[in-house]
Amino acid sequence: MNILVTGAGGFIGHHLVKRLKADGNRVIAADLKWPEFEPTAADEFFIGDLRNLEFCQKLTRGGIDEIYQLAADMGGAGFVFTGENDADIMHNSAQINLNILEACRINKIKKIFFSSSACIYPLFNQEDPDNPVCCEDSAYPALPDSEYGWEKLFSERLYKSYERNYGLQVRIARLHNIFGPLGVWQGGREKAPAALCRKVALAENERAIEIWGDGRQSRTFLFIDECVEGIIRLMESDHSEPINIGSEELITIYDLAQMIIQTSGKTLGIECIDGPQGVRGRKSDNTLIREVLSWEPRMPLIEGVKITYQWILQQTSARGL
Ligand code: NAD
């Protein structure tokens, strides 16, 4: 197949391109930037801005069978939950999705995948770190805790509208905290697993690392390979409603930090400091994906943590940090 991946210079998009190529597809890719840590596997890679409709139209001309839309203005808690980037997050990501869908309509694209997020789930269901509720049908009445989540919810509805009115087939995944090698690990947009791996890798033995909040906030984390597998299985299915792709292995940020410290072999303390944290608890509910895809992620968190820590350790030493 001829497949277009937008956001292919980013973490998930880059891994997805590799997998689609390995599966024998012809892959066209687009992003504002090249992948940061290794060359792209795409057959053609277009650098450009998806906020520009003409660029989106150009990409979707000439026999594209399917699109995977991963581009968004996004980052971890330090980028999404401070409020400082809200206008850019909403404007840029909404503009990208508006343009891509319009280009799909104009160029008669048949099928598109959209990467939504666990951040769409309502705040009031995620106040208990031991028992967060994130089943797909709990999205409404809506109260996401961030503008990032509101944009994703708006865009889910936008994709469904293009399906209803223009016959575009859509597949929508609500991704839950994806992590792994080749992801951003410094600079302010990194997420908790990468940030904690970096802090541990850089810490001197017998010292302490800092974590944001009291550490009791809980999450589930999904290793990148399983995320890509879930996305491809969803695309091949006939399920067109939003669906969770995540792990059900719930862990507090404190315990995640401990897991990474143990992986490193160092002796380090943990100091809780003020910082953006997001909701108190968030966990993928995999009831629907088990039913619809007869599949769910199985890899234990510790295995992904070991791989990711080793990669970030290499990154820090390669830079002489
Ligand atoms: P990422 O930031 O690594 O990748 C996003 C890519 O989009 C970047 O390479 C960026 O340059 C590109 N982009 C942004 N604006 C653009 C524009 N105007 N034109 C062209 N390209 C543009 O993020 P990721 O972790 O790979 O996430 C991919 C998708 O999955 C995003 O839509 C994100 O919201 C969603 N998602 C990710 C996670 C996660 O844990 N990583 C969780 C839920 C949802």
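FYI, it's all coordinate maths here, none of it is from the lab. Fair warning: this is a prediction, and the values are worked out from it, not measured in the lab. Cβ placement follows ideal geometry from the backbone for every residue including glycine, while neighbour counts extend to all protein chains displayed.
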Note to self: Projecting each Cα onto the charge dipole of the chain (Lys/Arg +1, Asp/Glu -1 at the beta carbon, about the Cα centre), which of Gly167, Pro276, Met74 comes out farthest on the positive side?
What the structure shows: Gly167
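Just to confirm a number: summing +1 for Lys and Arg and -1 for Asp and Glu over residues other than Phe81 whose beta-carbon lies under 15 angstrom from that of Phe81, what do you get?
Charge balance near Phe81 sits at -3.
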Next item on the list: Please find the FRET efficiency linking Val133 to Ile232, where r is the Cβ-Cβ separation and R0 is fixed at 35 Å, and quote it to the nearest 0.05.
Entry: 0.80
Notebook entry, point to check: Under unit Cβ charges (Lys, Arg +1; Asp, Glu -1), what dipole magnitude, rounded to 20 debye, does the chain have relative to its Cα centre?
Noted result: 760
Checklist line | 0 to 90° range, to nearest 10: angle between helix 301-318 axis and the chain longest Cα axis | finding: 80
Notebook entry, point to check: region 21-95 to region 250-321: how many Å between their Cα centroids?
Noted result: 25
Margin query: Could you compute the net charge surrounding Arg219? Neighbours are other residues with a C-beta less than 12 Å from the C-beta of Arg219; K and R count +1, D and E count -1.
Written below: +2
Notebook entry, point to check: Just in region 269-321: which trypsin sites (Lys or Arg not before Pro) are loop by DSSP and have at most 10 other Cβ atoms within 10 Å?
Noted result: Arg298, Arg319
Item checked: Farthest toward positive dipole pole in the chain [+1 Lys/Arg, -1 Asp/Glu at C-beta], among Leu222, Ser240, Cys135 -> Ser240
Checklist line | Square roots of five times the Cα gyration tensor eigenvalues for the chain, Å | finding: 32, 22, 18
Checklist line | In region 47-147, the trypsin sites (Lys or Arg not before Pro) that fall in loop regions by DSSP, at most 15 other Cβ within 10 Å | finding: Arg61, Lys108, Lys110
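What is the sum of charges around Gln95, taking Lys and Arg as +1, Asp and Glu as -1, for the other residues whose C-beta is under 11 Å from the C-beta of Gln95?
So the surrounding residues net to -4.
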Note to self: Tell me which GluC sites (Glu not before Pro) from region 1-64 have a DSSP coil assignment and no more than 16 other beta carbons within 10 Å of their own.
What the structure shows: Glu36
Next item on the list: Taking H placed 1.01 Å from N in the peptide plane, check which residues at least 5 places from Glu210 or on another chain put their amide H under 5 Å from its amide H.
Entry: Glu271
Notebook entry, point to check: Using the Kirkwood formula over every pair of different C-alpha atoms, what hydrodynamic radius in Å results for region 240-299?
Noted result: 14.4
Next item on the list: Over region 2-126, calculate the relative contact order: mean separation of alpha carbon pairs under 8 Å at least 6 apart, over the residue count, as a percent.
Entry: 26
Notebook entry, point to check: For region 35-153, what value does the Rg/Rh ratio take when both radii are computed over Cα atoms and Rh is the Kirkwood radius, given to two decimals?
Noted result: 1.03
Margin query: Counting C-alpha atoms alone, how compact is region 129-196: give Rg to one decimal and Dmax as a whole number, in angstrom.
Written below: 15.5, 45
Margin query: Using amide H atoms built in the peptide plane, which far-off residues or other-chain residues are under 5 Å from Ile243 H to H?
Written below: Ile172, Ala173, Arg174
Note to self: Suppose every Lys and Arg Cβ carries +1 and every Asp and Glu Cβ carries -1, with no other charges. What dipole size does region 137-222 come out with about its Cα centre, to the nearest 20 debye?
What the structure shows: 280
Check: Which of the aspartates and glutamates could a cross-linker span from Lys152 if the Cα-Cα distance has to be under 16 Å and same-chain partners fewer than 8 positions apart are dropped?
Finding: Asp73, Asp86, Asp88, Glu136, Asp137, Glu241
Next item on the list: Sort region 183-321 into rounded, prolate or oblate with this rule: let a ≥ b ≥ c be the square roots of the eigenvalues of the Cα gyration tensor; rounded if a/c is under 1.5, and if a/c is not under 1.5, prolate when a/b is larger than b/c, oblate otherwise.
Entry: prolate
Next item on the list: Any lysines with Cα under 17 Å of the Lys191 Cα? List them, leaving off those in the same chain fewer than 8 positions away.
Entry: Lys199, Lys283, Lys306
